[in-house]
Amino acid sequence: MVNFIRNQFHRSKAAFGLTSTLLNGFQMAYQAGAFNPKTSRSTLTPYIQKFCRKMAGSFGVEVVQVEPVPQRHGLWVSNHISWLDIPVVGSVAPVFFLSKAEIGEWPIFGRLAKAGGTLFIQRGSGDAGSVSDQIANFLEDGSSVVFFPEATTTDGRQIKKIYGKLLKAAIDTGLPICPMVIAYVDKAGKLSDEAAYYGERTMAQSLKSVADAKGITAYVLPLAPIYPDGHDQRTLTTLLQSAMEQGLADLHSRVLTA
């Protein structure tokens, strides 16, 4: 009974924190002039990072940069463990996110996503080349973009096969690929399974799991940029796969204690 009451309290606290964060997000959006189409995307970055930190914090997740994340313009990539990856990455890197165009029509989240400079992708018949071209246009306009090349979430223990079709955007623009890796760690110093959103878990189950878990820390480690000069899509994919595998192993060795 005591644990039940505690869990309900933490879930209510998380729900209140999320609601407060969303309201604060609209307030920050108005302060930044985000609803004005003439506002430059570059002015939105500090507001987005602040909002993302608050979003992670509303679930009791502390974001720690193991090494300072460079505020570099480029095509950013990260391993993919949870829906939490979005506020975690957004709190440390100067990036805009990709989203399906229809999400922009959602009443609350869609409006906030638009205010946050989200890049809405128009998909055809699953044509990755078309998406890559759209990303290249965003990059050329000065907007750094992040995507998750594993194309699915994992338990965070390893890097799955990387799909490199969207890396063509880096080749087309000459901008660097900027990898980072994330590890969610519990108070015992172990990888937090509660933070991971994978397998048969539903979003509702994942939200409850994160709300019930106390003391999750999201550790972020930026890796060396990979420049596309002299490489094709295949070799870039191989380089990125190796870099992220080694980077995740390095991160785990530095932050896991159990």
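Listed values, structure above:
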| read-out | value |
| --- | --- |
| Using θ = phi - 60° and Karplus 6.51 cos²θ - 1.76 cosθ + 1.60, couplings along region 139-148 (whole Hz; Gly, Pro as x) | 4, 5, 7, x, 9, 6, 10, 10, 9, 10 |
| Relative compactness, region 152-258, computed as alpha-carbon Rg over 2.2 N^0.38 Å | 1.23 |
| Cα-based reach from Lys165 at 17 Å (exclusive), listing aspartates and glutamates while leaving out same-chain residues under 8 positions away | Asp127, Asp133, Glu150, Asp229, Asp232 |
| Spatially proximal lysines relative to Lys100 (Cα-Cα < 16 Å; intrachain offsets below 8 disregarded) | Lys114 |
| Region 135-214 pair-distance distribution - Cα-Cα, 10 Å bins, rounded % | 15, 35, 27, 20, 2 |
| Sites Thr257 and Tyr227 - FRET efficiency at Förster radius 41 Å, r taken between beta-carbons, to 0.05 | 0.70 |
| Candidate lysines - alpha carbon under 21 Å from Lys214, same-chain residues fewer than 8 apart omitted | Lys13, Lys54, Lys187, Lys190 |
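Each value in this text was obtained by applying a stated rule to the coordinates, not by laboratory testing. All values reported here derive from a predicted model rather than from experimental measurement. Neighbour counts run over all protein chains shown; Cβ positions are idealised from the backbone, glycine included.
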